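Reviewing the structure listed below.
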Amino acid sequence: MRQRRSKSPLKVGRWLWFVFVLSAVLVLALLWLLVCSESFSGGIDNVVLISIDTCRADYLSCYGHAGRTTPNIDQIAGQGVIFKNVVTAAPMTLPAHCSMLTGTIPPYHGVHDNLDYRLNESEVTLAEILKDHGFVTGGIISASVLSSQFGIGQGFDTFNDRFDGAAADVLMVERKGGQTTRLALDWLGRHKDERFFLFLHYFDPHFDYEPPEPFASEFADNPYAGEIAYTDYCIAPVIQKLKELGLFDSTLIIITGDHGEMLGEHGELTHGYFIYESAIKVPLIFKLPGQNKAKEVEELVGLIDIVPTVCGLLDIAPPPQVQGIDLRPYLFGKSVVSSERHVYTESLIPTKYNANTLLGVVSDKLKYIQTTRPELYDLADDRQESENLISQLPQQARILQDSLRQILEESVPTSGPSSKTLLDEQARKRLESLGYVSGKVAEEFRFDESKKDPKDMIDLHVSVEKVHHLIAQKELAEARELCQEMLLQHRDYYGLYRHLGRICFEEGDKQKAQVYMRQSLKLNPEQPGLHFNLAMLLAEQGRYDDAVEHFKEVLRLNPNQVLAHNKLGSVLYAMGRFDEAVRYWQASLKLKPDQPGIEKNISAALARKQKRSLD
Ligand SMILES: [Zn+2]
């Protein structure tokens, strides 16, 4: 009995050991909780998110660029956490920003390109989340691709997308960093006493590369680097203003970019087409209040991690659909998050040339690209992605391929929780747009390998971009020559006829322009942009009935196009169909509220209608 009552030394030792481990775990858990929630959620009064467009991570000096491109950002990075391995969800401005602000990838939020897409009202942006939690929210953007008509302004109390001096019907307008900064300083001054979220977008590093002096001279041999340096120079006064207002120590500052720039690598000059490293690696720096020591994180993270991290820091539950992860463990601790991270990235631009999509999955060491001839790269040894290892490492490719499939199946809403459930029409269409051929069940989806490989179409893409640029520069003869040269190899590509139409239009030959435009539409009748051009041309010639038909076609293909609503309204007004005109203008205001000119048009139409009824 005695023996039974007293524990053996071995058992006592185990017991003590158990108590010790348990206490240690409890203490660590408590510390973790303190680190993750208590100490910082109270410290952050405001959030400033700065997005630099077309910002290759390796062009910032704090990311290793040899030139002193970003002394001001370096200073912030020197007191913050700098993520060295950050992947964007798409090398395109609108889809990337949708991912940045919703924490979801394009197959989920549905925005795959600029202009013809709009972020759905049902998506939840960081601005909406913070507004719901009492923040006053402001957005200042520097290019019309991020205009509120594309749905990206949801949740912002004020969203400055008005570009002074720009004609309202120009699709691509931008403002210089200096002006964006002036607007930001003004906004900060007005909201300094409130709890705020400011989203600031700079566009200068986007092509053309024309930095102002002294950056033009200093970076004469690399004007793209000059634009990065100029943007850094523009950011400095914003940081200074936060300091002057006494807000620097209570503001979470995040500096990032939407995508990089290829600068000729793999044959691509700018961005949007390929998903190689130079296009998809972006900077990401978190500067927390009270933090003054630099910390570097080498592990792979995604642009989609910003939303859950900000939510975590503010003790807000992120929306359930968020696909990114909370990076707080990296901000405060060590590498505690699983290193087996797979981050998604995509480009659907090659489909414009009847080529396949590019769907990528990046892991710590490897990148898999699903397309007609799939690719696998060892990112540690081959940063240039010059050696495709797909046949040498089939098993690794298979793992990433499975991961991609899983990511897509989780992203595309099906009619049930399991991948075996039936796909509804919408889900089927969405998967088809990603390059899958459909069956009735999600599992029956197979990637379509019958289409051309995007790698074989890069020359056409580059030439088309060049034609586009030449037309913008009014170098029409050269543009025509290039178009005709490309036609010898690509007679079935609708875009070349479209550009020839534009060239004739610019030259004043409207008749010939129409012939080319109709030829282009014959090859691809589903181009909202071309229907728009044709409608404008017909309206100009007074052929209103035909113009109305093509404007309506634009809106059938893209019901969110503000400009088509506005122009259709004008044509109907000219035809004396005032009620219809008012309807289209009102729909336009619903898509983009801040249009004083359209409000005036509505008043004019209503007045004319009343006058007619009196007559
Ligand atoms: Zn961009």
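Tabulated data
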read-out: Bins of 10 Å, starting at 0 and running to the largest distance - Cα pair percent for the range 42-333; value: 7, 31, 40, 20, 2, 0
read-out: Among beta bridges that DSSP assigns inside the range 84-204, antiparallel share in %, nearest 5; value: 10 percent
read-out: Label-point separation in nm, D402 to E507, each point 7 Å along Cα→Cβ; value: 5.9 nm
read-out: Over the chain: helical MRE at 222 nm, DSSP H runs n ≥ 4 each giving -39500 (n - 2.57), nearest 500; value: -13500 deg cm²/dmol
read-out: Share of pairwise Cα separations in the range 548-615, more than 18 Å, in percent; value: 33 percent
read-out: Mean accessible surface per residue for the range 42-333, computed with a 1.4 Å probe while every protein chain stays in place, in Å²; value: 32 Å²
read-out: With Cα atoms, 0 to 90° folded angle of helix 596-614 axis to the chain main axis; value: 40 degrees
read-out: Solvent-accessible surface (1.4 angstrom probe) belonging to T351, in square angstrom, nearest 10; value: 60 Å²
read-out: Portion, in percent, of the accessible area of the range 42-333 that falls on carbon or sulfur, probe 1.4 Å; value: 49 percent
read-out: Angle in degrees between helix 494-507 and the longest Cα principal axis of the chain, rounded to the nearest 10; value: 50 degrees
read-out: With DNA, RNA and ligands ignored, accessible area of R583 (1.4 Å probe; Å², nearest 10); value: 140 Å²
read-out: DSSP beta bridges in the chain [antiparallel fraction, %, rounded to 5]; value: 45 percent
read-out: Scattering profile of the range 457-525 at q = 0.18, 0.19, 0.21 Å⁻¹ [log10 I(q)/I(0), Debye over alpha-carbon scatterers]; value: -0.60, -0.67, -0.81
read-out: The chain: angle of helix 458-472 to the longest principal axis, Cα-based, in degrees nearest 10; value: 60 degrees
read-out: Ratio Rg/Rh [Cα only; Rh per Kirkwood] for the chain; value: 1.02
read-out: Highest to lowest packing among 131-142, 468-479, scored as the average C-beta count within 10 Å; value: 131-142, 468-479
read-out: Which of R56, R373, R383 is most accessible, then next, and so on - probe 1.4 Å; value: R383, R373, R56
read-out: For the range 73-197, average projected area of the Cα convex hull in nm²; value: 9.2 nm²
read-out: For S391, solvent-accessible area (1.4 Å; no DNA, RNA or ligand), Å²; value: 90 Å²
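The values are calculated or read from the model by the stated rules, or taken from the named source; none is laboratory data. Since we're looking at a predicted model, the values are computed, not measured. Note that we place each Cβ from the backbone using ideal geometry, even for glycine, and neighbour counts take in every protein chain shown. For the accessible areas, the whole protein counts, side chains as well, though only heavy atoms, and no ligand, DNA or RNA atoms are used. Shrake-Rupley method; radii C 1.70, N 1.55, O 1.52, S 1.80 Å.
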